[in-house]
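Heads up: the structure comes next, in structure tokens.
Nothing in this text is a laboratory measurement; each read-out follows from the coordinates by a stated rule. Please read all numbers here as calculations on a predicted model, not as lab measurements. Virtual Cβ from ideal backbone geometry, glycine too; neighbours counted across all protein chains shown.
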Amino acid sequence: MTRTFNYGYARVGQLRIAEQTITRNGRVTVNAIEVDGQVARPTQRFWKSFFQRFGVADNVFRYFSPAEVFQRISMRAKDDTLRYCLEQDERGEASLLAVSSPKRPVIDYGDVMELVRKYEGRDVAYEHGVIRSTHVPRGGERPFAIGADDFQHRFVMETPIDGFSQPRIYLSFLRMICTNGAIGYSRAFRSDVSLGKDIGHCISRALESYDNGDGYAALRQRFESAQSSWASVYECIKLYRSLQKTRAQGSVKADVISKFHRLTGNLTDLYGLANLDALSQKRQRILPAKCRVYDLINFASEAATHHADPAGNRVLQAFIGTLISDEYDMEGTASAGCDFNDFFISQGGVGPAMSLN
């Protein structure tokens, strides 16, 4: 990666709106902000961290212009000093990442990558101020089988380099037959890394010592149950909408929608409806598709692992994490011992581990 990152300090009153657009209904979109002489595109992490630091909501722009909001905060806040992080890509275009308190510890990109290499991180990816890496827990890979599929233990570390939020660890399984990874992107399978003054030491200690036997046992139980549960129409619709979102954003590289319909069956024809939204959510939850929940998990993880960019990966892994965190709509309604497809979209390829959000 040829991106560079620069950190600096400024007061809110020093932020300048360099470019903005106003829609017909009065909605304001800030396209560029000038800070310390550098014009940069504000990211979602910038706005989220800015609103959180100063206790305002994003709907404030309905009543005040961004410049006026900056001015009022600089006049009223007891301490409006903030640390900012600027990312510059290979084309020289700058993005304004998160802002944070100058007192909050921060670790830069180079130091994180050094730790990732030291602890043999795999499938390293960067997106919008966060580095994601996959690691083997302290207890080892611990191969095991669920039905006909073999798995190994993994965990995923997400480390922010812009000072906003803290490093987080998510439990993960690696499905060996197709090298799809499943990451538990949900609170149920997440651990936050407590930070001290030496953030590098805290991350190093977590990477060296992390293991979670109870968490892996719970994750395994959800996968076992997924193999013996028919997928409901409602669960299929949720995945379909996630796939549509990633395709609309250009985040999925394969034609996954047609393959998805092949997996679930033509649900509109199956139930004689022109539009599945005509069914109530309660009804959608008790009608089965022609696949099991485990198929949905494997399909989403294959798309995320082999056919999506980091943004699409995150959306699809979030679907998986939400799905496995709760009881399935039709839990335990299918017989066990079924063989499952290795691939749904392609017949090969190796990619990073999948994530559960």
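Here are the numbers for the structure shown:
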| item | result |
| --- | --- |
| Estimated [θ] at 222 nm from DSSP helical runs (n ≥ 4, -39500 (n - 2.57)) normalised by residues in the chain, nearest 500 | -10500 deg cm²/dmol |
| Lysine pair number, Cα distance threshold 22 Å (strictly under), the chain, separation 8 or more or different chains | 14 |
| Extreme residue, positive dipole direction of the chain, given options Gln281, Val156, Val293 (C-beta unit charges) | Gln281 |
| Per-peptide average of other Cβ atoms within 10 Å, ordering 229-239, 266-276, 326-336 highest first | 229-239, 326-336, 266-276 |
| Over the chain, equivalent-ellipsoid semi-axes from the Cα gyration tensor in Å | 39, 27, 17 |
| Alpha carbon centroid spacing (whole Å) that separates the range 22-64 from the range 243-308 | 35 Å |
| Qualifying trypsin sites (Lys or Arg not before Pro) in the range 91-127, DSSP loop, other Cβ atoms within 10 Å at most 10 | Arg91, Lys103 |
| Estimated D of the range 57-203 in µm² per second, where Rh is the Kirkwood radius over Cα pairs and Stokes-Einstein applies at 37 °C, 0.692 mPa s | 182 µm²/s |
| Relative compactness, the range 182-259, computed as alpha-carbon Rg over 2.2 N^0.38 Å | 1.57 |
| For peptides 312-319, 22-29, 280-287, 80-87, sequence by mean Cβ density within 10 Å, most packed first | 312-319, 80-87, 280-287, 22-29 |
| Alpha-carbon Rg with Dmax, taken over the range 4-100, Å | 13.0, 39 |
| For the range 205-357, Kirkwood radius (reciprocal of mean inverse C-alpha pair distance, Å) | 16.2 Å |
